[in-house]
Amino acid sequence: MMHKVGRTPWSAAGPPAGLSGIARLTISLLCALALSLFAQDFSEIKLDLTAKDYTFTEGPAWSPIGEYLIFSDLPTDRLLKWVPGHQAEIFRTDAHGPSGNAFDSQGRLYTCETRSRRVTRTDKAGKVEVLAESWEGKRLNAPNGIVVSKSDHVYFTDPAFGEQQDHRELDFYGVYHIPPKGPTKLVAKWTTRPNGVAVSPNGRVLYVSGSDDHSVRAYDLGREGDASNERVLIANIEGVPGGLRVDEKGNLYLAANRIMVYHPDGKPAGSITVTGRPSNCAFGFPDGMMFFITARGNLYRTKLDVKGLY
């Protein structure tokens, strides 16, 4: 049984003695509210199989404007689209090895294309624009994970897995930032491979999972979206860390050997067991409380007790 979160040292016994009646009532109400906000019992979660029999699913991303989910089937070079109440259908073929996907506030789709080694943006009319494909004259490795903040700052990771290693021109693995206006910026050079990426609800922290060092690193974000103060937030993660998401409370959801859930301070909050190793995850639906998981060739979903960020 996974433990609950948000409990104070004296919450079970009530407020300490010596306080006024109003103070005790106020503290009791605050404790009850805290417990209700963090009462998800992950051990009781049941997953619904939403789409199946693909090759390797990745990059789920919910469109809050279109109210549908986009996800990748990387080996078959396709983007898939799932609309609630319908079967998944092909959104795009010849998608250049799509991996991570994300939507911005205008409903535009961002995709990491591992085979073409670039990041693209597709507008609502279907026009595809290349946003990033090189750094200082050298081609990117193979963009993988991507997130768009509420203020439309884009962050993506550029590792290289498998045969992608054979075509590298850069001597590092990068984390990059594409501001709403202006050229791409380098956030960090890694000697190990970054993978998933997410931004905190207040837009002040960038999170990046590391597949090789089994960690999640955090960066402070300034007003212009620039990152600083790199540190390890979570270490010694079981499995290979992949896709990363956050909920409105700042809790992190990480795809590894299962979906690992962490408090904003990096302490464990529970986990969700999935059939087949999960590659990525995302929140969706109009209420933001539907949680999607890509794992092997399947797409799963479940309802959580907290709203997530798209």
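Does Asp53 qualify as being open to solvent by less than 70 Å² (accessible area, probe 1.4 Å), on the phi > 0 side of the Ramachandran plot and charged (D, E, K, R)?
no
When residues of region 147-187 are filtered for being among the charged types (D, E, K, R), in a loop (DSSP other than H, G, I, E, B) and open to solvent by less than 30 Å² (accessible area, probe 1.4 Å), how many remain?
1
For region 108-144, give me the residue count where each residue is of a type in the set (Gly, Ala, Ser) and either touching a residue at least 60 places away in the same chain (Cβ under 8 Å) or open to solvent by less than 10 Å² (accessible area, probe 1.4 Å) (or both).
2
Yes or no, residue by residue, for (1) over 14 Å from the mean Cα position of the chain (by Cα); (2) crowded, with 22+ Cβ neighbours inside 10 Å; (3) part of a loop (DSSP other than H, G, I, E, B):
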site	(1), (2), (3)
Asp213	yes, no, yes
Gly225	yes, yes, yes
Arg231	yes, no, no
Gly239	yes, no, yes
Asn280	no, yes, no
Asp287	yes, no, yes
Phe292	no, yes, no
Arg301	yes, no, no
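Is it true that Gly85 is open to solvent by less than 50 Å² (accessible area, probe 1.4 Å), outside any strand (DSSP E or B) and either modelled with pLDDT under 95 or more than 21 Å from Gln164 (Cα to Cα) (or both)?
Judged against the criteria, Gly85 is not a match.
Here is a check on your reading of the model: is Gly270 more than 15 Å from the chain's Cα centre (by Cα) and either buried (at least 18 other Cβ atoms within 10 Å of the Cβ) or of a type in the set (Gly, Ala, Ser) (or both)?
yes
Quick check: anything in region 240-263 within 30 Å of Gln87 (Cβ to Cβ) and among the aromatic types (Phe, Trp, Tyr)?
Among the residues of region 240-263, at least one is within 30 Å of Gln87 (Cβ to Cβ) and among the aromatic types (Phe, Trp, Tyr), which makes the answer yes.
Being out of contact with any strand residue (DSSP E or B) (no Cβ under 8 Å at 6 or more places or on another chain), basic (Lys, Arg) and modelled with pLDDT of 95 or more narrows it down to one of Lys189, Lys127, Lys185, Lys181, so name that one.
After applying the criteria, what remains is Lys127.
When you check Thr120 against the structure, is it among the hydroxyl-bearing types (Ser, Thr, Tyr), over 23 Å from Gly308 (Cβ atoms) and part of a strand (DSSP E or B), yes or no?
It is true that Thr120 is among the hydroxyl-bearing types (Ser, Thr, Tyr), over 23 Å from Gly308 (Cβ atoms) and part of a strand (DSSP E or B).
Any residue in region 243-260 that is part of a loop (DSSP other than H, G, I, E, B), surrounded by 17 or more Cβ atoms within 10 Å (Cβ to Cβ) and touching a Cys at 6+ places or on another chain (Cβ under 9 Å)?
Looking through region 243-260, at least one residue is part of a loop (DSSP other than H, G, I, E, B), surrounded by 17 or more Cβ atoms within 10 Å (Cβ to Cβ) and touching a Cys at 6+ places or on another chain (Cβ under 9 Å).
Just to be sure before I move on: is Asp220 surrounded by fewer than 17 Cβ atoms within 10 Å (Cβ to Cβ), among the charged types (D, E, K, R) and touching a Ser or Thr at 6+ places or on another chain (Cβ under 8 Å) in the structure I sent?
yes
The values are calculated or read from the model by the stated rules, or taken from the named source; none is laboratory data. Predicted, not measured: the structure shown is a model, and the values here were computed from it. Here the Cβ is made from the backbone with ideal geometry for all residues, glycine too, and neighbour counts use every protein chain on show. To get the accessible areas, we keep the full protein, side chains included, count just its heavy atoms, and leave off ligands, DNA and RNA. Shrake-Rupley method; radii C 1.70, N 1.55, O 1.52, S 1.80 Å.
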